[in-house]
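The values are calculated or read from the model by the stated rules, or taken from the named source; none is laboratory data. Just so it is clear, the model here is predicted, and its values are computed rather than measured. Note that each Cβ is placed from the backbone with ideal geometry, even for glycine, and that neighbours are counted across all protein chains shown.
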Amino acid sequence: MRYRLTNETDGIDPERWISEHGDVMFRYAVVRLKSHAVAEDIVQETFLAAMKAKERYQGRSSERSWLMGILRHKLIDHLRKAAREVKMEDMESEDFQDSLMFREVGIPHWRPPKWQFNPRKVFEQKEFWDVFSSCLSKLDQRMNLAFTMKELEGLSTEDVCKELGVEPTYLWVILYRARNGLKACLEKNWLKKNKGVKELHAAV
Amino acid sequence: MLRCKQVSDALSNGKYWDLPLRQRIGLKMHVCLCFVCGPFNRFIMLMQDTTRHYLAHEQSDAPPSSMSLSDDAKKRMASSLKEKS
């Protein structure tokens, strides 16, 4: 499917861009940047860059993908700068880092934290992803940075370690904490939300 | 047969779904059968899988109002873009 970039008068129509893609782009940015103001600026910069580069848009990908591509580049630049400013070593180390288990098997404990519900069973529910995005944005800034660069943007371990100035083992610890924090937040908020829905159904 | 450390390292360096098929099969077999690293690495794989699904939804689902641009922000943005176009 091809998208028109321009309106009937062949001028750029920023209002259409904003109404069609603004919210999705804003959520993408706010989850990764944690700040509504910075996210708004980055989305606006993206639209400006897109206006300047509109001749280069060939219509091979959807307009959404094209805009998201520009947004992603701007966002990664911003994250790299933020990573250089944040002090990761302030975070306490974990006991398991020197354990035999961690050195030899690469895991901190025999048993992982238990889930109170099975996330795979709710993958089809849009509300679950709303909770997921809000939990991502609630992570501590350092965890959010590491998780965003490594897990959401897919940068390599070497690249993320270089940007954050940490060793791979330490990155592992940060990601472990981020995953635990995410899991705890998902459980708390998803179960709370579901309980409300169940009570509503019971009342009806 | 893969060793536990190789499985843990593969999962910490890359995402399960990005690995080549052959490596994925070996890795999946290991975590299904291994009583040492299996339970923990299954947790890592579940988190990676959840994140992968989130990324697919993120660009197509409409965000909740708490994560959308406010009407004021949209107006501000539109007038600023019009000025510069």
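Taking first residues from the range B:61-85 that are among the hydrophobic types (A, V, I, L, M, F, W, C) and partners that are at pLDDT below 90 and not in a loop (DSSP other than H, G, I, E, B), the Cβ contacts under 6 Å between residues at least 6 apart in sequence or on separate chains come to B:Ala78/A:Pro14; B:Ala78/A:Glu15; B:Leu81/A:Pro14. Scoring A:Phe96 on the criteria (1) surrounded by fewer than 19 Cβ atoms within 10 Å (Cβ to Cβ); (2) in contact with a Ser or Thr (Cβ under 8 Å, 6 or more places away or on another chain); (3) not polar (S, T, N, Q) leaves a single failure, condition (2). For beta carbons closer than 6 Å, sequence separation of 6+ or different chains, a first residue in the range A:180-201 that is modelled with pLDDT under 90 and a second that is surrounded by 10 or more Cβ atoms within 10 Å (Cβ to Cβ), there are no qualifying pairs. The set of residues in the range A:116-136 being at the interface with another protein chain (Cβ under 8 Å from one of its Cβ atoms), surrounded by fewer than 20 Cβ atoms within 10 Å (Cβ to Cβ) and of a type outside the set (D, E, K, R) consists of A:Pro119, A:Phe123, A:Ser134.
Residues that are within 19 Å of the chain's Cα centre (by Cα), within 24 Å of A:Gly154 (Cα to Cα), outside the structural domain of A:Asn194 (by TED's automatic domain parsing) and not hydroxyl-bearing (Ser, Thr, Tyr) are absent from the range A:50-60 altogether.
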